[in-house]
Each structure stands twice: as C-alpha cells, then as structure tokens.
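Working notes for the structure below.
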Amino acid sequence: MSTENRVQIFEPTFVKNFSCVGDQCPSNCCHSWSIHLDKKNYKEIRKTPDNNIKALAKKHFKRFAADAAVGSAYGYIQLNRHGLCPMLDDKGWCEIHKRLGEKALSLTCQQYPRAPQYFGARVELSLSLSCPAVADEVLFNPDAMVFNQVKASPALRPTFRIGGTPSGSLPAWALILRDFSFQILVNPQLTLAERLFLLGLTYHQIDSHLDNPLLVESVLRRNINWADDGTARKGFSSLPTLSGHKWNIFSHQLGTILADYKCAKAANVGVSQSESRYLGLQMPLFRQMASIIGQTSEHRAVDASGILRGELESAVASQAFEALLEKAKPMQGAFFSEYPQVLLNFLLYQVYHYQFLLSLKRSPIQFFQVMMVDLLLLEAGLSGIAVEEGGLDREKVVALFSAYAKKRQHNREFVDSIETCLEQSASDKLAAVFALLK
C-alpha cells in the first residue's frame, strides 16, 4: 500500500504552488551536491542504447566502496572540477533528462527540491529553500505557510525518500511545542524580535523538562498569556547589548561557511558554482565595510578582500559591521514594510521544515540558537546589498536566502560550531543568543 493511503498528508501552499522554472533558474540544481545513484539506475543508464549517454555514464558514474555506501545508494556521479554535473549540455540542460526522460534520472535528481517528512503519524510535504523558485514562493507569498490536508500530491511519489521524525521517534512535546511556536510567531501584538525572544525564553524554560509533557504544556499555556499581558515586551526591553558580539558570531560562522572556498583556493582547484554565488552575494557587505573604515585615514588602505581574509583587527571590523547594520536599517525597513511576510514566512518555514533539529538529536533551545545565527548572517548579507544598491529588491533577497540555504545545510558539524562559538562569545550562552536580537 502506498504512503498516500496509509497516513495523513499535509501540504503547505508553497509546495502546492511550486513549479520548476527550468532554464530560467538563476542557479540550477545540477552542481555542488552529492548525486547518488541506486543500483538499478546505475546499471540501466550504463547499458542504455544511447551511445552519448553511455559514454558519459562510463566516465562519470562511480561505485561506492562497500563500507561507504549511504542507504540505498550504489554509486554517485563524479562532479567536474567546478562542481558541475558532467551530464549537462552546453546550455545547462541534463542530457539524461533530455534524451531518456525524467524516469531515467537518479532518485536524487527526480526528488529535488521536494522533501517529504514524517512528523509523527503524518507526512508533511516540504521543499528545500536552496531552490530559488522555492525561496521566492516561501518568502513572497503571504499564504505560503497555509496548510491543507490532501490525499495525494506530485511532491510525494512512491519512490521518494521520506525523512523527518516518524511516530516511534517523535517526542511527546513536539506537536504542542510546534503549535505554540506557530501561535507566537503570528501574534500581531508583538514585534518580530519580541516574538523570537518569547520563543527562545520558552524553549529555555522547558529544556530540562522535556521528559514531562504535562509540565511543558503548563509552561506553554502560561507563556501564551505573556504575549498578551506585556511580560514578553518587558523582558525583551531589558535584554543587554553586548559590544562587538554580532561581529564575533558573524565572522566565526562565515569562516565556517567559507571553509570549502578557502580550501579550494589553497589547493588551486576550481571553486564550485555554489561557493562563487554565495561569496558574490557577501562581497557588498565587505565592500561597504571597507568604505566605512576607509573614512578614517588610519585604515584607508583596507579593502573588501582584506576584511574577508581576517586581516583587520577585530575592534575596527566590529565597529564597521555595526555601523553598516545601522545604516541599512531604514533601507531594509522600507523593503520589509512592502513585503512584511518575508521574515515571518522564513521563520515559520524553519520551524516547520527543520522540526527542531530532531534528526540531529538536538533540543528546541539548540534549534533556536541555530535559527538566530541564521537570521544574523542573512541580516548582514542583506545590509551589504541594501547599502551598496540603495535598497533591496525581490531578486536579490531570493538569491541570498537560497544561496545561504544551499551553502549552509543544517548538519551536525554546523550546529556544533554554533554552540562552540556562542560559548566563547559570552559567559552566559543564553545571553549570547538573546543579544543577537538587539
């Protein structure tokens, strides 16, 4: 029996509306990924009567060693030195898809950007924000995060891999905490920063009581009232401001994100399209920081590349970073006044899609830490673009969010690096997280 007939299926509007834009995509999905091949797919394509495809497959299809296979993966497509799939033609179209049809593609290629996930006894359909078409729909459709129960969907086929957290693994607190999180995030009585403060505070308060669902539910009921009686606003207003804190977090995490780029340059090999795209969207930030620093004669010689390489003393870089964020506020404010759903939809998507990072065995407060650092890096990138171009536009916002999602996949190493960074930034890790809201 198919999955569609056995469980409830929920489909957000952004999944229902998704359509691949094909050759109009500003960043196609045929690069910078691990493209796995199952055994049937591997063998059939290598034996295809199409001689062109057969030659490409024999050259670029590689077998996994027996101890290195991942799940049902039998082999993989070896990307070229620029991180591109070698099955692309000179116009960027897939030769396999063009000559043999979609069914001949690997499951990885057939499924992306679709990401169906279990959340307990239900299957929730989702899409990867690394796809620009997905990012555009999630961020700019006011109804993107409206959910409907469906019987079937093109986003869920029998061959698709389903991730997430099935019933046997879903903690008792997960459903009620996610409902609470949605309720707080859409509360119009609080600013977005105040809503995030209340979320983080709640996640912290229940952190040592997650094995007691009744106590968790009691805390959630109480904190719903805090959104309405002024307690959340009062608590947020008393948060401290930590000097230099945002730059410390940003520079540490950017270094982690760009590690692959630096390794590629050091080894004198090609930089992937994904690396180049993300770095290109970060350069306005560094150019504008250099401009701010250059207004003082003492540091007139600094340039964007020097800041990127970490050649500037932290205090000077931090001051320029904070000045840039401040300078960009009215420009970002104008854009988000026109598109108020962008940041809210992004946060709702994070809570929905990443399921509190349960797959990485993380707690809600650890998920909140990741989400706050995500917001800081996105704010910084948007600030650089806004100041350099005199404002933001939809195309650049989509490009930054999708490139960031592609470059910074939520993985165990990235989450660990965030926790280490926060611990080094302040004596109180919770204060270090909340300081990012100021």
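Results, tabulated for the structure shown:
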| read-out | value |
| --- | --- |
| Residue in region 141-155 that is open to solvent by less than 20 Å² (accessible area, probe 1.4 Å), not in a loop (DSSP other than H, G, I, E, B) and not aromatic (Phe, Trp, Tyr) present | no |
| Flag if LEU127 is of a type outside the set (Ser, Thr, Tyr) and in contact with a Lys or Arg (Cβ under 9 Å, 6 or more places away or on another chain) | yes |
| In region 211-234, the residues that are open to solvent by less than 20 Å² (accessible area, probe 1.4 Å) and closer than 30 Å to GLU326 by Cβ | ALA227, ALA232 |
| Qualifying residue in region 210-221 (condition: acidic (Asp, Glu), in a helix (DSSP H, G or I) and under 30 Å from ALA380 (Cβ atoms)) | no |
| Number of the condition not met by HIS204 [criteria: (1) in a loop (DSSP other than H, G, I, E, B); (2) buried (at least 16 other Cβ atoms within 10 Å of the Cβ); (3) not polar (S, T, N, Q)] | (1) |
| In region 87-102, the residues that are at pLDDT 80 or above and either among the aliphatic types (A, V, I, L, M) or more than 26 Å from the chain's Cα centre (by Cα) (or both) | MET87, LEU88, ASP89, GLU95, ILE96, HIS97, LYS98, ARG99, LEU100, GLY101 |
| Residue check, PRO171 open to solvent by 50 Å² or more (accessible area, probe 1.4 Å) and in a loop (DSSP other than H, G, I, E, B) | no |
| Positions within region 165-176 being closer than 23 Å to VAL146 by Cα and in contact with a helix residue (DSSP H, G or I) (Cβ under 6 Å, 6 or more places away or on another chain), in sequence order | THR165, TRP173, ILE176 |
| Failed condition for GLY75, given (1) at pLDDT below 90; (2) in a loop (DSSP other than H, G, I, E, B) | (2) |
| Residue satisfying all of: in region 307-338; among the acidic types (Asp, Glu) and in a helix (DSSP H, G or I); least open to solvent (accessible area, probe 1.4 Å) among these | GLU322 |
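The values are calculated or read from the model by the stated rules, or taken from the named source; none is laboratory data. Keep in mind that this is a model prediction, so the values were computed, not measured. No Cβ is skipped: glycine too gets one built from the backbone with ideal geometry, and neighbour counts run over all protein chains shown. For the accessible areas, the whole protein counts, side chains as well, though only heavy atoms, and no ligand, DNA or RNA atoms are used. Shrake-Rupley method; radii C 1.70, N 1.55, O 1.52, S 1.80 Å.
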